[in-house]
Structure formats: C-alpha cells, structure tokens
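Worksheet for the structure shown next.
The values are calculated or read from the model by the stated rules, or taken from the named source; none is laboratory data. Quantities reported herein were computed from a predicted structural model and do not represent experimental measurements. Note: ideal-geometry Cβ built from the backbone for every residue, glycine included; neighbour counts use all protein chains shown. Ligands, DNA and RNA are stripped out before the accessible areas are found, and what is left, the full protein with its side chains, is counted by its heavy atoms. Shrake-Rupley method; radii C 1.70, N 1.55, O 1.52, S 1.80 Å.
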Amino acid sequence: MSSGSFDIAVAGAGMVGAGAALALARNGFRVALIETVPPAADADDDGAYDLRVSAISPRSRAILEGLGVWQLLERERVCYYEQMYIWHQHGHASVAFDAVDLARDNLGAIVENRVLQRSIHNACERDPKIEWFMPDRVVELLENGAQEVELRLGGGRCLRAGLLIAADGRNSPTRDLARIASQAGRYRQTAIVANVDTELPHRHTAWQRFLNTGPLAFLPLANGQSSIVWSCDDDFAERILAAGDDEFCAALGEAFEFKLGKITGCSARASFPLGWHRCERWVNNRVLLIGDAAHSVHPLAGQGVNLGFSDVEVLASLIGDGSQLSGQKQLRRYERQRNSETWVATTSFSGLKWIYGLEQIPLTAIRDLGMRIVDETPWVKRAMMQKAMQNLT
Ligand SMILES: Cc1cc2nc3c(=O)[nH]c(=O)nc-3n(C[C@H](O)[C@H](O)[C@H](O)COP(=O)(O)OP(=O)(O)OC[C@H]3O[C@@H](n4cnc5c(N)ncnc54)[C@H](O)[C@@H]3O)c2cc1C
C-alpha cells in the first residue's frame with residue numbers, strides 16, 4: 001500500500017473534526033481527514049428531521065460563518081430561538097431569558113446534526129487541500145515523535161503528518177493509541193431524544209424543566225415540531241422507552257407540565273447513556289485532542305459541540321499557517337487555554353445537575369431564591385446570557 005505525507009491528519013469527521021479540517025486547510029495546511037462511517041447519502045434523507053439536534057450558540061455560528069459553512073445550511077431547516085424559559089418541578093421560581101434584553105434577534109439556533117455535518121462535509125469536499133480517507137480508521141501509531149507522527153490505517157495505508165488531531169468522539173480510539181489517559185464516569189442517566197408534535201406552537205422558545213430525576217428540554221424545530229432531550233434515571237428510561245406512543249406522549253406531556261398543551265404525535269425515539277470524562281492531558285508529542293475526544297459535558301448545557309467549535313477556533317489561531325506548523329509551545333498553549341475553559345464548563349454543569357436534583361426543603365428554598373434573583377436582576381441575567389452565547393468563555 002502506498003503512503004502519504006500531510007501537514008495534519010484528523011481522525012474523525014464529526015462536526016468538530018470536519019470543522020477542524022476545514023479551518024486548518026483554510027490556514028494553508030494539507031489535511032488528511034479520516035472517518036470510519038460514511039455519512040448517509042442525501043437520497044436516504046426522506047425529509048424527516050434528524051433525532052439529533054444541537055443548539056448552536058452565536059459564537060459557534062460566527063465560527064461557522066467564517067468557514068463559509070453556515071451559508072451552505074438549508075435555511076428552512078434552521079430554527080432561531082428568541083427566548084429560553086427554565087423552571088423546576090418543585091418551587092415556584094422560573095427564569096426567562098429574552099434576546100430582546102440583549103438587543104439581539106435571537107439567542108441561538110437549533111440545527112439538526114445531520115444537516116450541519118453535511119454542510120461541513122460539502123465544504124471539505126470542495127477544498128483541494130483536504131484528502132478524505134473514508135471509510136477508514138487509524139489502527140496503529142507507528143511513531144509519535146517531537147516533529148512528526150506516522151500512522152497506519154485499517155485499509156493498510158501509512159500516513160506521515162506533522163500533527164495528528166484526535167476528533168473521534170467520547171471513546172476516542174486515537175486517544176488510546178496515543179496513550180493519553182482519561183477518567184470517565186456515568187451519571188446513571190439516559191437521554192431520550194425524539195421529535196414531537198404539540199397542541200400549542202413552540203413560540204421559538206427553548207424550554208427546560210428541571211425534574212428531580214433530570215432536566216427535560218423542548219427545543220423548537222423549523223417545521224413546528226419540538227426536539228426533546230429527556231434526561232432521566234436509567235431504570236425509568238428503560239421503562240418509558242418500551243412504552244407505546246400514547247403512553248409515552250402522556251408521560252412526556254405531564255413531565256413538561258403541559259406547557260405546550262398535549263403531545264399529539266411522536267417520532268421514533270433514540271437514547272444515549274450520559275457520562276463525563278476528563279483527560280489527563282490534551283497533547284502528547286504530536287497528537288492533540290479536540291471536541292468530545294477531549295471533553296464531554298451533560299447535555300443540559302447544550303454546549304458539547306459549541307465547546308468543540310471553540311477548540312477549533314483557538315487551535316486555528318495558534319497553529320500557524322501553511323508555511324510552518326507551530327511547535328510544542330503553541331500546542332501546550334492550546335491545551336492550557338482550552339483545558340481550563342472546558343473544566344469550568346464541565347464542573348459548573350455537573351454542579352447545576354446536582355443542585356437541581358436536590359429535594360430537601362431548605363435547599364429547594366435556596367434554589368428558588370437563586371432563580372428569583374437571576375430572573376429579577378437584569379445585569380445578572382444579561383451576563384449569564386452573554387456567557388452562554390460565547391460558549392462560556
Ligand atoms: C442527547 C444529546 C443532546 C446534545 N445536545 C447538544 C446541544 O444542543 N448543543 C451542543 O453544543 N452539544 C450537544 N450535545 C453534545 C454534542 O452532540 C457533542 O458534543 C458533539 O456531537 C461532539 O462532536 P465531535 O465531532 O467531537 O464527536 P462525534 O460527534 O462523536 O464524532 C466523532 C466522529 O469520529 C468518528 N470515529 C470514531 N472512531 C473513529 C476512528 N477510530 N477513526 C476515524 N473516525 C472515527 C465517528 O464515526 C464520528 O463521525 C448533545 C449530546 C447528546 C448526547
């Protein structure tokens with residue numbers, strides 16, 4: 001098998017890995033993009049909305065606009081949300097965030113993962129500096145030196161590159177090959193996702209109700225449906241996933257306090273076990289982590305892919321241009337900056353999940369008070385909205 005030489009190799013062409021390949025190719029580097037699973041062909045898309053959607057922050061949107069990707073999105077599949085409404089199962093307080101308070105049109109956009117990924121892939125395909133290896137995977141790291149890596153793909157080819165970026169998700173096999181240790185834990189919760197029809201319109205609002213068993217989000221879709229992310233304890237998830245549609249819709253409506261009336265229809269459901277992980281380091285010689293390979297946060301944050309796009313932005317600003325790839329010092333700078341920023345996000349959202357799970361009366365009263373203070377203090381509310389829109393930095 002022939003070998004190839006590249007400035008950078010990226011393992012994983014999910015939203016973050018493909019975004020990184022594009023950003024680095026725009027910096028002038030020759031990039032090898034390696035992906036195991038070819039995306040579903042357009043013909044397989046029967047028009048039904050993807051069950052996986054992401055709330056994309058204004059900062060991520062600006063990053064994607066800079067890459068020329070946002071402009072390629074199918075307009076009619078993007079739903080901008082103008083308000084966010086949060087409340088708890090117990091207590092009386094709620095918090096309402098409104099784009100108007102920041103003199104903005106919206107707080108972010110809900111986009112199907114498949115649609116966003118396809119746009120990024122299309123942009124990658126048009127870029128002559130990117131070469132695809134798909135379907136393929138990195139199976140061996142033959143060398144990870146101070147200047148270069150050499151890797152072998154499952155298909156037999158060997159590639160040399162000045163940097164290997166592991167963007168192959170939470171369980172990152174490339175991270176393991178690079179011997180980067182990580183700690184991981186389970187929340188003992190499962191996120192159920194589905195697209196549902198509701199009696200009342202979603203009003204371009206992202207809704208989140210905190211139940212003692214976990215948060216339930218309703219995110220507005222452009223077709224009028226809502227995408228739900230229902231994080232709940234594993235045993236409850238197992239039961240409700242096995243229920244018939246009528247029983248599922250009734251339980252969902254009740255859990256959501258019928259804020260949008262009855263749930264009148266429901267797509268197929270999917271589920272994801274929820275967990276977290278932290279990596280001991282983000283860089284080992286010429287292998288670097290990005291996206292979910294480097295960090296994961298609870299979906300109540302709606303920040304996982306947004307943090308990944310921030311990784312891409314920071315890396316692209318530190319990595320140099322096509323004439324010279326940055327040395328170890330700049331890679332360490334990337335590691336320090338992004339590790340501390342995502343640590344704050346991971347820790348604060350684990351803390352929020354814990355606070356919202358409390359049932360003891362004095363603690364729920366304090367939580368209520370906190371929510372009331374946020375809701376009634378405009379500068380606190382504005383500061384929180386601005387943080388979320390800038391991917392928490
Ligand atoms: C229920 C739920 C809701 C969420 N909602 C939001 C939200 O609203 N907003 C938000 O910002 N985030 C959200 N997230 C998080 C977000 O989905 C992830 O952070 C994001 O998908 C991570 O992207 P990634 O490209 O880093 O990794 P992945 O999406 O995991 O992509 C990894 C890619 O690598 C490929 N791969 C795997 N192994 C190999 C290999 N050995 N070689 C080559 N390729 C390989 C895979 O096929 C895949 O294409 C949510 C998560 C969940 C579970």
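At a glance:
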read-out	value
Among residues of the stretch 75-109, those that are of a type in the set (Val, Ile, Thr), part of a helix (DSSP H, G or I) and open to solvent by less than 30 Å² (accessible area, probe 1.4 Å), counted	0
Pair list, Cβ < 6 Å and 6+ apart or interchain, from the stretch 216-239 residues that are within 14 Å of residue 198 (Cα to Cα) and open to solvent by 40 Å² or more (accessible area, probe 1.4 Å) to residues that are within 16 Å of the ligand (Cβ to nearest atom) and at pLDDT 95 or above	222/79
The stretch 238-281: number of residues that are part of a helix (DSSP H, G or I) and at pLDDT below 95	0
Some residue of the stretch 63-73 being within 25 Å of residue 217 (Cα to Cα) and surrounded by fewer than 19 Cβ atoms within 10 Å (Cβ to Cβ)	no
Selected residue (only one of 37, 95, 31, 111 is farther than 23 Å from residue 222 by Cα, within 10 Å of the ligand (Cβ to nearest atom) and of a type in the set (A, V, I, L, M, F, W, C))	37
Residue match in the stretch 10-32 (condition: of a type in the set (A, V, I, L, M) and modelled with pLDDT under 95)	no
Some residue of the stretch 282-302 being within 10 Å of the ligand (Cβ to nearest atom), open to solvent by 20 Å² or more (accessible area, probe 1.4 Å) and assigned to a strand (DSSP E or B)	no
Residues of the stretch 303-322 satisfying the condition of being in a loop (DSSP other than H, G, I, E, B) and buried (at least 24 other Cβ atoms within 10 Å of the Cβ)	303, 319
Wholly enclosed strands (runs of 3 or more DSSP E) of the stretch 117-229 bearing at least 2 residues under 25 Å from residue 282 (Cβ atoms)	130-133, 138-144, 149-153, 158-166, 182-198
Candidate set: the stretch 132-171, residues that are among the polar types (S, T, N, Q) and more than 8 Å from the ligand (Cβ to nearest atom); chosen: the one surrounded by the most Cβ atoms within 10 Å (Cβ to Cβ)	144
